[in-house]
Amino acid sequence: MDREHHEMSRSRLEEIIEEHCRRGRWALIPLIQEIQEENGYIDPAVIPVIAEKLKIFPSAVQGVISFYAQLYTEPRGRNTIRLCRGTACHVRGGKTILKLIKERLDIEEGETTADLEYTLETVACLGVCALAPSMMINQQVFGRMNPKKVGQILKRKGEDHEPA
């Protein structure tokens, strides 16, 4: 996904909608996925436009967006931090790592930094329990997290994140 955030032009929005509308109501999910991919999120202001073009209720569009966890109605950070809250990570200090990240970025779970650099999420399990406590930034896994590593990784703001 293009992680640069910009406002999608009305003409580009209409172009995307028209491309998908030929398939009828079945186009809804691919349509909103494409809007999010281009815009970084689905602006709630486009929901009535989508509904009108697909001849469905706005609540149906909103229902689909809210059902899928990977669809967002607010701008997201260029980097998504996913911190594991699974048992192995919890036992090995994951709660402390979460607290440090929240303090360092001055955000809570589910929030995005004001500069749109980071979005913080917690997940049930990252599947790398042997590396507990662990987190991911975008697609990169960071294992055996400790306070020093948190500081080193988040100090590299804006850089491509490589495993530490």
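General remarks:
- Here the 3J(HN,Hα) profile of region 118-126, calculated from phi with Karplus coefficients 6.51, -1.76 and 1.60 at θ = phi - 60°, is 10, 10, 10, 10, 10, 10, 4, 6, 8 Hz, Gly and Pro shown as x.
- Cα-based helix-to-principal-axis angle, 10-21 vs the chain, degrees rounded to 10: 80
- Neighbour counts of other Cβ atoms within 10 Å put 57, 142 in the fewest-to-most order 57, 142.
- Straight-distance crosslink candidates among lysines, where the alpha carbon sits under 27 Å from residue 95 and sequence neighbours closer than 8 are dropped: 148, 149, 155, 157
- Translational diffusion coefficient of region 79-155 (Stokes-Einstein, Kirkwood radius from Cα pairs, 10 °C, 1.306 mPa s): 132 µm²/s.
- Put simply, the amide H of residue 74, placed in the peptide plane, has neighbours under 5 Å in 42, leaving out anything fewer than 5 places away on its chain.
- In the chain, the longest principal axis of the Cα atoms and the axis of helix 58-67 are about 20 degrees apart.
- Applying a 4.7 Å Cβ-Cβ cutoff to the chain leaves 21, 125, 129 as cysteine residues with no disulfide-compatible partner.
- The chain, relative contact order in percent, only Cα pairs under 8 angstrom and at least six apart counted: 18
- Gyration tensor (alpha-carbon) shape descriptor, region 10-67, a/c threshold 1.5: rounded
- Ellipticity estimate at 222 nm from DSSP helix runs (n ≥ 4, -39,500 (n - 2.57)) divided over the chain, nearest 500: -12000 deg cm²/dmol
- Only the Cβ atoms of Lys and Arg (+1) and of Asp and Glu (-1) were treated as charged; on that basis the dipole of the chain about its Cα centre amounts to roughly 900 debye.
- Comparing region 83-124 with the 2.2 N^0.38 Å rule of thumb, its C-alpha radius of gyration ratio is 1.17 (two decimals).
- Backbone amide hydrogens, once placed in the peptide plane, bring residue 122 within less than 5 Å of 83, 110, excluding anything fewer than 5 places away on its chain.
- Candidate lysines for bridging to residue 55, where Cα separation is under 22 Å - those fewer than 8 sequence places away on the same chain excluded: none
- A DSSP coil position with no more than 12 other Cβ atoms inside 10 Å describes the following GluC sites (Glu not before Pro) in region 102-150: 108.
- The calculated FRET efficiency for residue 49 paired with residue 69, based on their beta-carbon distance and R0 = 25 Å, is about 0.60.
The numbers here are math on the coordinates, done by the rules we state, and not lab data. Values in this document were obtained by computation on a predicted structure and should not be read as measured data. Cβ atoms come from the backbone with ideal geometry, glycine included; neighbour counts cover every protein chain shown.
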